[in-house]
Amino acid sequence: MRNALILVLAVVTFASCSRMGEEELLQSAQNLYKEKKYQEAIEKYQELIDRFPEGKNAETSQFFIASICNDDLHDYPKAVDALRKCIESWPKGENAPKAQFMIGFIYNNQLQEYDSAKAAYRQFLAQYPDHEMAPSARFELETIGKSIEEVFVPKMPQEKPAVAEKPKKK
């Protein structure tokens, strides 16, 4: 009986020691990202969120998942889903405005889903009219669907027909 109790205590102690805490999970996810092991990093960030949903790193971890999907994996639908989850889970969080803006940006610039982009930018402006990114959201709304040339190349004035010069008097 005593040996069984020692064995159970050893198993419980080992199991509790092998589970990483919030900071260790964050560090592990960051290290995996630096090693370009993007899917494994996402899994580690997700584990952190699942185990510590109210922790100090959960919201940022969700935003990192979206960033990895967008920037590194170029999986834009998954990036949008991760950004939406960030907004839904932490609507008052520091990343919520950036997440809402990025949804519009991805729809506009990556997926060319202009109606969805307009809706996302309008929602951003309705929720965060004074945010530092509000001018960018307004600009994006004004230029949705336009080519770079249409947006940035100045229109040249129409040339006037050349008029013959009068001879100069001496």
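For this structure, a couple of remarks:
- When restricted to residues that are at pLDDT below 60 and within 30 Å of C86 (Cβ to Cβ), the stretch 17-47 contains 1.
- Pairs linking a residue in the stretch 48-77 that is farther than 16 Å from S28 by Cα and assigned by TED's automatic domain parsing to the domain that holds A29 to a residue that is surrounded by 14 or more Cβ atoms within 10 Å (Cβ to Cβ) and of a type in the set (S, T, N, Q), with Cβ atoms under 7 Å and 6 or more positions apart or on different chains, are E59/N95; F63/N95; Y76/N70; Y76/Q110.
- Looking across K37, K44, K85, one residue alone is over 16 Å from the mean Cα position of the chain (by Cα) and crowded, with 16+ Cβ neighbours inside 10 Å. It is K44.
- Any hit, the stretch 102-118, residues being without any contact (Cβ under 8 Å) to a residue 12 or more places away in the chain, in a helix (DSSP H, G or I) and surrounded by fewer than 15 Cβ atoms within 10 Å (Cβ to Cβ): yes
- Those residues of the stretch 120-137 which are without any contact (Cβ under 8 Å) to a residue 12 or more places away in the chain and either touching a strand residue (DSSP E or B) at 6+ places or on another chain (Cβ under 8 Å) or of a type in the set (G, A, S) (or both), in sequence order: A126, A134
The values are calculated or read from the model by the stated rules, or taken from the named source; none is laboratory data. Everything quoted here is computed from the prediction, not taken from an experiment. As a convention, Cβ positions derive from the backbone with ideal geometry for all residues, glycine included, and neighbour counts pool all protein chains shown.
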